[in-house]
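The values are calculated or read from the model by the stated rules, or taken from the named source; none is laboratory data. All of these numbers come straight from a predicted model, not from anything done at the bench. Backbone-built Cβ (ideal geometry, glycine too); neighbour counts: all protein chains shown. What goes into the accessible areas is simple: the full protein's heavy atoms, side chains included, and nothing from ligands, DNA or RNA. Shrake-Rupley method; radii C 1.70, N 1.55, O 1.52, S 1.80 Å.
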Amino acid sequence: MEPVRRKALVDAALRVIGDHGSLAVTMSDIARQAGVSPALAHHYFGSKEQLLIETIRSLLRQLRSDTVAALKAARTPRVRLSAIIRVSFHADQFAPETIAAWLAFYAEAQRSEETRRFLVIYARRLRSNLLADLKALLPADAAERIAEGAAAMIDGLYIRQSLKSAPIGIEASIALTEDYLNALLATASPSPRREKERPHRTTQGQMT
């Protein structure tokens, strides 16, 4: 039962954090949501801080798992970029409690070095995934610039979700990020690798 109860407590922590909009929750709040005693919650995690760390680990594991699966199904660099964007705005990631939890963890990162380390891992992973496929399409300097911009758009649109007066849906967020990517890909020079792979015209107008 331990894995089941640990997962139930992590899921409960996510819901409670989402309801409160901050990490100012107690182990009793989380245990009540999970339907277990506070003593059992302490038995499995030792402290609220350790449970919160496991909650952010759980978010990162799920995001990584979804990304790996999406990239395996994509066949070209451009399709892989779209897969990364779509995974970033997956319905599970866009759930209100998940968005609230991410924002709470960002706030906590100003005080907690361990929380900040996990968020740095997320940021580096997103940038690395984008950069790997952009480098197949563009020179390195352009690829790095666009990767930074696309990652910033993804994070920025996520933050906009916290503005209840001006919510942006999943498809609209994907479309905005795709528009940004398409505009820059259209104006940037292709990478040397991409140029070599492009068919060339002979003087007779045939492709070689």
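Rounded to the nearest 20 debye, what is the charge dipole size of the chain about its Cα centre when +1 sits on each Lys and Arg Cβ and -1 on each Asp and Glu Cβ? If you can, show how the numbers build up before the last one.
Numbers: 29 positive and 22 negative charges, 139 e Å.
About 660 debye.
Compared with the alpha-carbon gap, the fully stretched path from Ala73 to Glu2 is longer by 22.2 nm at 0.36 nm per residue. Computing Rg and the Kirkwood Rh from the Cα coordinates of the chain gives a ratio, Rg/Rh, of 1.10. Within the accessible area of the chain, the carbon and sulfur atoms contribute 54%, probe 1.4 Å, all protein chains present.
The stretch between Ser47 and Ile168 holds 40.0 nm of extra length on full extension. This uses 0.36 nm per residue minus the Cα-Cα distance. When all alpha carbon pairs of region 41-95 are counted in 10 Å bins from zero, the resulting P(r) reads 23, 37, 23, 13, 4 %. Here the sum of -39500 (n - 2.57) over DSSP H runs of 4 or more residues, divided by the residues of the chain, equals -24000 deg cm²/dmol at 222 nm, to the nearest 500.
If the chain linking Asp179 and Arg57 were pulled fully straight, counting 0.36 nm for each residue of separation and taking away their Cα-Cα distance, it would gain 40.8 nm.
Suppose R0 equals 25 Å; then what is the FRET efficiency for Ala39 and Asp11 from their Cβ-Cβ distance, rounded to the nearest 0.05?
The formula returns an efficiency of 0.85 here.
Considering only Ser82, Ser47, Ala13, and ranking their Cα positions along the charge dipole of region 1-139 that arises from unit charges at the beta-carbon of Lys, Arg, Asp and Glu, the one farthest toward the positive end is Ser82. In summary, the helical segments of the chain meeting the span-like criteria, namely a full DSSP H run, a Cα extent along the axis of 24 angstrom or more and a mean Kyte-Doolittle hydropathy of at least -1.0, are 2-20, 48-73, 113-134, 140-160, 170-187.
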